[in-house]
Every structure is written in C-alpha cells, then in structure tokens.
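Everything on this sheet refers to the single structure shown next.
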Amino acid sequence: MRTRGERQYSAMPSFAARLYDNLTSVGGVSRGFREIAEFITGRVPVGRLLDVGTGPGRLLREIRLTNPVINLFGLDISKAMIDLARTNLCGLGDIDLRVGNVTATDYPSNFFDCVVSTGSFYNWDRPIVGLDEVFRILKSGSTAFIYESVTDHDRDLLEVRLGHNLEGFGAIRTGLSRRFLHKQLRMTYSTDEIHQLIRQSDFADTYRLERLDLGGLPIYVRIELSKQRQSHMSTESDR
C-alpha cells in the first residue's frame, strides 16, 4: 500500500526530527499551539488527554503550561520524535510518551477524556481505521479534536499572512519554512475529502467541521468527533 507519510516518519533519523522542530518553530506555529491549548483546556479542564502525532511535544508543553492538572499522553509513529519530545518536555512533570501507530494503540477502551491531533491526520495511511481506534479509546460522552490544514484555502490571503509570520527570519530559514508548509498543503485533504473519510468511521453521525485560522494562517479546520449517538452534527454550511 502506498504510504501517505507514515513510513518516512517512522524511519526518521534524529537530525531530521531536530530540523523539523527548528523549521516549524516560527511565531505563527507557536501561537497556533497556544490557541489550541487554550481551547482544549477550556473544554477539558481535568482527566486524561492524548495527543496523537505529538511530534516534538509542542502542544503537550502548551497544555501543561496552561493547565498543569491534566494527565498528558503523547503518541507518535517516530521514535526520533518521541525522543525529542522527552527532551523538550523535561522538567514539566510526568507525561506518558509512547512510540506507536494510531491504528492499533495499547490503550484501554474508554480511557481518554480527550484525544487531540494537530497536523498529523493527513499523514495517516489508514485514516478510517485510525478514527475508529480513536473512537474506541475515547470515553463515552467525550470529544476528540483534529486540527488539520486543507487544500481549499484562500491562497492569496495565505501568502500575505505567511509573510507576516516569517518576518525577522533570514532568507534560508524563510525559504525552507515556506517550502515545508507548501509541501504539506500539497499532501493534505480538501474539506469534502475529510467529510467523506469521517462518514465511513464510527464518528459518522457525531462530528462537526469548522474552518478557522491558527496563528494567523487561514488554512485550518477543527474537526470535533463526539463519542455519542445523536443526529448528524455536520451541516451544509460546514461543507
């Protein structure tokens, strides 16, 4: 099966993980993680929270700084990323970090009060299986949140906002950061494709998709996936 990125990330060497961490350590990205942390901790003030595709652990760091009582867990397919996350999160208390694939985790059923993923979903080789696994490990009545970039965004507005985010960086850093982001945007899904995937999962009747800016960049959606049986939450205005 052709991979969407899992094979490359699982074999990522340590220097590549550090390079990724460096290239994405720009103002807009960091601000976006703070915005996500504030939203999540406002919705889930206590309990267990899992960050799927945690990478170098930036979201977990912001959540821990925003609310130190939440029990934090991080999962990533890359050992190099988990090793880097352990370094980045050192001194912030007990955080459970594991190497693993979202399609088959070791967590018990009905275990987490919240599951979050940021910029990881487009790389899942088997997204429907991954969504069903999130459903399994999520507590009944709880919600998972997936933040993802989409192909159907305002490209002109993105270029203006991206220029603001990269002000003050050198030409090489700016060029590499732009290249990294545009590569991601070529790989990610459209909003219609995301709808199609979720409708084949256990969250088919209990999800909501909302467009939003993160860190000033107008390329994102937030997908709320609720583990409860009710009428379809997606509306025509979301599409």
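Laboratory data are not the source of any read-out in this text; all were calculated from the coordinates shown. Everything numeric in this text was worked out from a predicted model, so none of it was measured. Quick reminder, even Gly has a Cβ in these numbers, built from the backbone with ideal geometry, and neighbours come from all protein chains shown.
When +1 charges are put on Lys and Arg Cβ atoms and -1 charges on Asp and Glu Cβ atoms, the dipole computed for the chain relative to its Cα centre reaches about 500 debye. Average projection, convex hull of the Cα set of region 138-184: 5.2 square nanometres. Here region 6-228 carries DSSP beta bridges of which approximately 40% are antiparallel, counting only pairs with both residues inside.
For the pair His182/Ser10, report the inter-label distance in nm, with labels modelled 7 Å from Cα in the Cβ direction. Here the answer is 3.1 nm between the modelled labels. Note on the chain: with a GNM built from Cα contacts shorter than 10 Å, the maximum mean-square fluctuation among Ser149, Ser109, Ser226 falls on Ser109.
Anisotropy class assigned to region 1-99 is prolate, per the alpha carbon gyration tensor with a/c at or over the 1.5 cut-off and a/b larger than b/c. Shape call for the chain from the C-alpha gyration tensor, a ≥ b ≥ c root eigenvalues: rounded (a/c under 1.5), prolate (a/b greater than b/c) or oblate? Rounded, since a/c falls under 1.5.
For a straight C-alpha distance cut-off of 29 angstrom, the lysines reachable from Lys139 (same-chain residues fewer than eight places away being disregarded) are Lys79, Lys227. Fully extending the segment from Val129 to Asp205, taken as 0.36 nm per residue of separation minus the present Cα-Cα distance, adds 25.7 nm. Between Val46 and His195, the modelled labels are 3.9 nm apart [label points 7 Å from Cα along Cα→Cβ]. Put the Cα centre of region 53-131 next to the Cα centre of region 151-203 and the gap is 22 Å. Put simply, the C-alpha atoms of region 56-114 give a gyration tensor, and the ellipsoid matching it has half-axes of 19, 16, 8 Å, longest first.
Qualifying trypsin sites (Lys or Arg not before Pro) in region 123-227, where qualification requires a DSSP coil assignment and no more than 15 other C-beta atoms within 10 Å, comprise Arg199. In the chain, helical runs assigned H by DSSP with n ≥ 4 each contribute -39500 (n - 2.57); averaged across all residues and rounded to the nearest 500, the mean residue ellipticity at 222 nm is -12500 deg cm²/dmol. GNM on the chain, alpha-carbon springs under 10 angstrom: the most fluctuating residue among Leu19, Leu49, Leu162 is Leu19.
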